[in-house]
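Input: a single structure, listed below in structure tokens.
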Amino acid sequence: MTHTKNRRGRLLIEPVFQRHFILRMAGWTTVATLLTGAILYAVVARADERSAGEFFYVVQEVGSHPEMLSRAQIVLPALALSLAVNLALSVLFALLYSQRLAGPIHRFKTDIERLQNGEPLKAAFHLRGADEFQDLAHAFDGMLKRMAEKGFLKEP
């Protein structure tokens, strides 16, 4: 078993868990954004069909002829940009949140493996206040204390 002093400094604490978490979050975000974009695009395209005479005139360069654009032609690039930004932010936030989940998972996993191997283990288990799984940590801490009271736990 390999121990690293500062696992919080690493980007991926539990790489397999975090990769799966990030991919799932990015997938769901992509699906939700594409669905929202498709609905919005359909509404705009329908509005273009109902009022075909309404166009926006754009002048690319001074002195050139104006170009006619429909609502859909204006909205589609904005939707594509929105999807790209949304996906990038979702992956970033999923990475950050997965670290908050992976840290406690790693601590539980490490201590359970040490129990299985009969290695010495402190009779107290605490997570930082900002970590997830506080209820589970409290229950695990209670179990370790009871094991220590009954003499089942080797303390360092």
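Details
- Exactly one residue among Val75, Val62, Val58 is at pLDDT below 85, over 30 Å from Thr30 (Cα atoms) and surrounded by 10 or more Cβ atoms within 10 Å (Cβ to Cβ), and that residue is Val58.
- Residue match in the range 148-156 (condition: at positive phi and of a type outside the set (Gly, Ala, Ser)): no
Yes/no matrix, rows are residues, columns are (1) touching an Asp or Glu at 6+ places or on another chain (Cβ under 8 Å); (2) not in a helix (DSSP H, G or I):
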| residue | (1), (2) |
| --- | --- |
| Ser64 | no, yes |
| Ala72 | yes, no |
| Val75 | no, no |
| Ala80 | no, no |
| Leu83 | no, no |
| Ala88 | no, no |
| Val91 | no, no |
| Leu96 | no, no |
| Leu101 | yes, no |
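- Hey, Glu67 farther than 28 Å from Ile13 by Cβ and acidic (Asp, Glu) or not: yes
The rows are residues; the columns are (1) among the hydrophobic types (A, V, I, L, M, F, W, C); (2) modelled with pLDDT of 85 or more; (3) over 26 Å from Glu113 (Cβ atoms); (4) loosely packed, with under 12 Cβ neighbours inside 10 Å.
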| position | (1), (2), (3), (4) |
| --- | --- |
| His3 | no, no, no, yes |
| Leu11 | yes, no, no, yes |
| Ile22 | yes, yes, no, no |
| Gly27 | no, yes, yes, no |
| Gly37 | no, no, yes, no |
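- Of the residues making up the range 103-156, those that are assigned to a loop (DSSP other than H, G, I, E, B), more than 17 Å from Phe17 (Cα to Cα) and charged (D, E, K, R) are Glu119, Lys122, Arg128, Lys150, Lys154, Glu155.
- Criterion: surrounded by fewer than 16 Cβ atoms within 10 Å (Cβ to Cβ) and of a type in the set (Phe, Trp, Tyr) - qualifying residue of Phe125, Phe152, Phe133, Phe140: Phe152
- Lone unmet requirement of (1) more than 29 Å from Leu153 (Cβ to Cβ); (2) buried (at least 16 other Cβ atoms within 10 Å of the Cβ) for Phe93: (2)
The values are calculated or read from the model by the stated rules, or taken from the named source; none is laboratory data. This one's a predicted model, so the numbers in the text were calculated from it and none came from an experiment. Positions of Cβ are backbone-derived with ideal geometry, glycine not excepted, and every protein chain shown enters the neighbour counts.
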